[in-house]
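Engineer: One structure, pasted below without further comment.
The values are calculated or read from the model by the stated rules, or taken from the named source; none is laboratory data. This one's a predicted model, so the numbers in the text were calculated from it and none came from an experiment. Every residue, glycine as well, gets a Cβ built from its backbone with ideal geometry; the counts of neighbours run over all protein chains shown. Ligands, DNA and RNA are stripped out before the accessible areas are found, and what is left, the full protein with its side chains, is counted by its heavy atoms. Shrake-Rupley method; radii C 1.70, N 1.55, O 1.52, S 1.80 Å.
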Amino acid sequence: MNYIICPYRLVSSEIWYTNPDGLAPEEVFFDVIREDFLINNQTIVFGDKHLKHVYSHIHINKPADGIALLKIANRLVEEDEQQVWNKFPGEDRQFATLFIVSRKDATCFYIEENEKAFANMEDYINMVCRGFNAILSLKGLAVVPDKHIVRQNDNYGIMYISAVINNHLKASHGADSEESTLSKFDEKMLQATRLFTSSLVDMYKASIVIQTLYLLTTRCNDAKRMLCVLKAALDAGVMEKPSYKDYIKVFDCGSLISKCKYSIYTNPNYTGYKNDTFYRNTYITFIRIKSINS
């Protein structure tokens with residue numbers, strides 16, 4: 001999966017550190033994103049310079065803690081075409097995923113490079129900023145992309161997670177509504193973050209670690225495969241080994257994973273995953289998350 005990391009700056013026509021409501025610039029920006037989510041993607045309009053072409057977008061999950069995940073299509077998606085959003089990486093998709101960080105300690109876009117949707121990344125970045133700036137200008141702010149853009153290429157990167165998380169959540173919780181699904185996931189993720197994460201990672205990285213763990217185990221249907229993801233996280237040093245009781249409680253997998261299997265597959269001396277491609281790629285994913293500058 002190819003994606004670029006694009007830092008951005010929030011600038012104002014005047015020098016200010018907080019707006020009249022006491023919010024810092026990155027908080028104002030995040031409020032704009034959150035308001036768009038709350039009124040069903042209707043606040044922010046992405047399109048070309050003269051809005052002759054408007055591009056639909058959806059939020060993959062509820063924006064929280066300065067983090068937002070969006071899918072932006074290369075055209076207007078009608079109400080009866082919602083299946084457009086459900087395609088996986090590797091398929092012919094008409095959208096690209098945008099991962100936004102708007103926090104005091106980090107302001108950055110992670111942008112999936114999907115040439116079938118958007119051939120020119122510079123135009124895409126400008127389009128994204130234009131959409132946000134139409135709202136931010138009313139608040140005396142503007143988002144300006146940094147020229148320092150870093151390109152990444154990996155199979156299990158953050159952008160892959162961003163692109164498929166919605167599909168996995170729906171599949172794992174069946175017919176539940178999106179709102180209740182996300183609520184359940186957020187609750188489990190928070191619980192897991194508190195129980196499992198290592199002191200070696202801060203809370204921002206911890207939430208990504210748990211989200212990744214949850215995502216990659218969602219469709220595993222045997223104990224060895226499911227615990228392969230946990231073993232990779234443990235070996236990467238981004239987690240402390242959960243107790244068997246805590247693990248099966250959070251992941252609801254007591255019928256699949258026995259205490260004996262849990263002990264075997266998470267043993268530090270277990271080498272059965274050594275030549276497993278899935279394990280190696282997952283291990284690399286966790287190492288990269290650990291190295292993110294927060």
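Engineer: Picking from 103, 9, which residue would you name as being loosely packed, with under 12 Cβ neighbours inside 10 Å and within 18 Å of residue 133 (Cα to Cα)?
Structural biologist: 9
Engineer: Hey, could you check the stretch 28-56 for residues that are among the aliphatic types (A, V, I, L, M) and in contact (Cβ under 8 Å) with a residue 40 or more places away in the chain and say which is nearest to residue 100 (Cα to Cα)?
Structural biologist: My answer is 33.
Engineer: Being part of a loop (DSSP other than H, G, I, E, B) and either among the aromatic types (Phe, Trp, Tyr) or farther than 17 Å from residue 55 by Cα (or both) is the filter here, so list the residues in the stretch 93-110 that pass it.
Structural biologist: The answer is 104, 105.
Engineer: In addition: Looking at (1) open to solvent by 70 Å² or more (accessible area, probe 1.4 Å); (2) more than 17 Å from residue 5 (Cβ to Cβ); (3) assigned to a loop (DSSP other than H, G, I, E, B), which is the only condition residue 77 fails?
Structural biologist: All conditions pass for residue 77, except number (1).
Engineer: Can you pull out every residue in the stretch 239-261 that is basic (Lys, Arg) and at pLDDT below 90?
Structural biologist: Those that are basic (Lys, Arg) and at pLDDT below 90: 241, 245, 249.
Engineer: What number of residues within the stretch 20-36 satisfy the criterion of being at pLDDT below 85 and either assigned to a helix (DSSP H, G or I) or closer than 12 Å to residue 136 by Cα (or both)?
Structural biologist: Matching residues across the stretch 20-36 total 0.
Engineer: Next question, about the same structure. At least 3 residues that are in contact (Cβ under 8 Å) with a residue 40 or more places away in the chain and open to solvent by less than 20 Å² (accessible area, probe 1.4 Å) in each: list the helices (runs of 4 or more DSSP H) lying fully within the stretch 214-294 that qualify.
Structural biologist: Because the criterion is at least 3 residues that are in contact (Cβ under 8 Å) with a residue 40 or more places away in the chain and open to solvent by less than 20 Å² (accessible area, probe 1.4 Å), the helices (runs of 4 or more DSSP H) in the stretch 214-294 that meet it are 223-236, 277-290.
Engineer: Further, regarding this structure: In the stretch 117-146, what residues are in contact (Cβ under 8 Å) with a residue 12 or more places away in the chain, open to solvent by 50 Å² or more (accessible area, probe 1.4 Å) and closer than 24 Å to residue 50 by Cβ?
Structural biologist: 126, 130, 134, 139
Engineer: Within the stretch 248-273, can you find the residues that are among the aliphatic types (A, V, I, L, M) and more than 22 Å from residue 211 (Cα to Cα)?
Structural biologist: The one that is among the aliphatic types (A, V, I, L, M) and more than 22 Å from residue 211 (Cα to Cα): 264.
Engineer: To continue, here is another question. Would a scan of the stretch 224-238 turn up a residue that is at pLDDT below 90 and under 30 Å from residue 100 (Cβ atoms)?
Structural biologist: For the stretch 224-238, residues at pLDDT below 90 and under 30 Å from residue 100 (Cβ atoms): present.
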